[in-house]
Amino acid sequence: MNHGKNLITVLGATGSIGVSTLDVVARHPDLFGVFALTAHRQVDKLFEQCLAHRPAYAVLERSEDALSLQSRLDSAGCCTEVLIGSAALAEVASAPEVDMVMAAIVGAAGLVPTLAAARAGKRVLLANKEALVMSGALFMHEVAASGAVLLPIDSEHNAIFQALPAGFQRGLHDSGVTRILLTASGGPFRRMPLETLAEVTPEMACAHPNWVMGRKISVDSATMMNKGLEVIEAHWLFGLPANGIEVVIHPQSVIHSMVSYADGSVIAQLGNPDMRTPIAHAMAYPHRIDAGVRALDLFEIARLDFERPDHDRFPCLALAYRALEEGGVAPAVLNAANEVAVGSFLDGALRFDRIPAVIADTLDAITPRAADSLELVFEADRKAREVAGGLVRGLGA
Ligand code: NAD
Ligand code: MG
């Protein structure tokens, strides 16, 4: 703690979650201060954020970007020191001054710094679901060993956290929880004729009906792999088996998820679809603070609908359940193949409707084995990227 303020490191500050996090920080200068801000390559955006929040450190991937940011900050009279590369990400995530870390880097690149924050016993605000999907057992082990406080930012998992009894981390056996109901909007193509999915462009896939998000998670939402990754994320966060986690399509995205209990009660968390709610919840926990989110108007919403997911339309959902059942490195393989397939789609090198086949064939090609160490996880990740890359080149756009 520093002057009574909680100091935060925001990993992935320039992204959609990072920007929402800094919006909450700016609303509460008495409660929060910024220790470090990190970005991949967005020098201009990070420069503006440094001027506004005056962090002790900023991190960029490449030295030429870091040098350019440093000289601009120096000329502007800002004392932020700019660091370079992935080792620096882990340093600013685990430094002794830091109270909480927002893990909002997208994809596998976020795993090492997020794990560093967990190891250092920080309050970890977890948006980077891919980290937990890749190495759930190792990650949860580190959290338990260091006494880190792990709070979910993914809106569904944050909702479930809010609907579970206190102390659920010790096990759900005696709590009467029977199921988790994970809600999903169904994305932009819920009703689109199946044969037209071949013509989907990145712009169409990134136009989500309810949420404004980064490009990768937007495509994941359109294929429903996002929900698949979230099933795996829920398994690790809440300790339920795959058959205790059910996906419910709820197009309005007002109920952010539910917990079902033995006595017939179902507890839900509702709100407008705005990520500042789960972010503010986790930053202030166990207190409640203003998040800048509009109050929910039930009369304006008028109705809430529910449907079963259509597995023919969304084969990625079953692939994620399959990887969870297989266990070991299978979820890391699923995640890596998905990152390659989605990246290729966004680059115009793979058709949208071929994303599931790349992931399925990569899972088939790699023999499942235990995920006992980070080395084994990264080896599976690398192998899966190689296989998936080959499959993409074979299929073409
Ligand atoms: P985004 O693409 O908008 O931002 C990603 C951030 O990570 C950027 O700051 C970028 O500079 C940084 N980054 C990207 N690649 C990097 C690399 N190789 N090394 C270092 N930094 C890198 O993504 P987002 O929508 O903010 O999502 C971030 C994470 O939060 C994802 O894991 C996503 O699944 C999760 N999430 C997002 C939302 C949402 O509403 N956006 C909701 C739930 C969960
Ligand atoms: Mg989500």
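The values are calculated or read from the model by the stated rules, or taken from the named source; none is laboratory data. Note that the coordinates shown come from a computational prediction; the quantities given were computed from them, not determined experimentally. Methodologically, a virtual Cβ is constructed for each residue, glycine included, from the backbone with ideal geometry; neighbour enumeration extends over all protein chains shown. Note: areas computed on protein heavy atoms with side chains; ligands, DNA, RNA excluded. Shrake-Rupley method; radii C 1.70, N 1.55, O 1.52, S 1.80 Å.
Across 10 Å bins from 0, what is the distribution of all Cα-Cα pair distances for the chain, in whole percents?
It works out to 5, 23, 33, 27, 11, 1, 0, in whole percents.
Using Cα positions and a limit of under 20 Å, work out the aspartates and glutamates in reach of K45, with same-chain residues fewer than 8 apart set aside.
Partners found: D23, E61, E64, D65, D74, E81.
I'd like to check one number: the per residue accessible area of the stretch 6-152, probe 1.4 Å, reported in Å² as a whole number.
In whole numbers, the stretch 6-152 has 36 Å² accessible per residue.
If the only charges are +1 at each Lys and Arg Cβ and -1 at each Asp and Glu Cβ, what is the size of the charge dipole of the chain around the Cα centre, to the nearest 20 debye?
260 debye
Straight-line reach from K5: which lysines fall under 22 Å, measuring Cα to Cα and dropping same-chain residues less than 8 apart?
K122
Go ahead and estimate [θ] at 222 nm for the chain from helices alone: -39,500 (n - 2.57) per DSSP H run with n ≥ 4, summed, over the residue count, rounded to 500.
Computed mean residue ellipticity for the chain: -14000 deg cm²/dmol.
Per the 1.4 Å probe, what fraction of the accessible area of the chain, in percent, lies on carbon and sulfur atoms?
Roughly 54 percent, rounded to a whole number.
If the cut-off is 14 Å between C-alpha atoms, which aspartates and glutamates fall inside it for K216, apart from same-chain ones fewer than 8 positions away?
Of all the aspartates and glutamates, those that pass the test against K216 - Cα under 14 Å, at least 8 places apart if same chain - are E130, E203, E339, D347.
Toward the positive end of the charge dipole of the chain, about the Cα centre and with charges on Cβ (Lys, Arg +1; Asp, Glu -1), which of L69, M283, Q252 goes farthest?
M283
Relative contact order, percent, of the stretch 284-385 when contacts are C-alpha pairs under 8 Å separated by at least 6 residues?
Averaging sequence separation for qualifying contacts and normalising by length gives 30 percent for the stretch 284-385.
Relative contact order for the stretch 6-152: what is it in percent, counting Cα pairs under 8 Å that are at least 6 residues apart?
22 percent
What is the magnitude of the charge dipole of the stretch 6-152 about its Cα centre, with +1 placed on the Cβ of each Lys and Arg, -1 on the Cβ of each Asp and Glu, and no other charges, expressed in debye to the nearest 20?
Result for the stretch 6-152 is approximately 260 debye, rounded to the nearest 20.
So for the chain: antiparallel DSSP bridges make up what percent, rounded to the nearest 5?
30 percent
Give the dimensionless ratio obtained when the Cα radius of gyration of the stretch 317-397 is divided by 2.2 N^0.38 Å.
1.03
Take the Cα atoms of the stretch 6-152, find their three principal axes, and give me the spread along each one in whole Å, biggest first.
Principal-axis extents of the stretch 6-152 (Cα, largest first): 46, 34, 26 Å.
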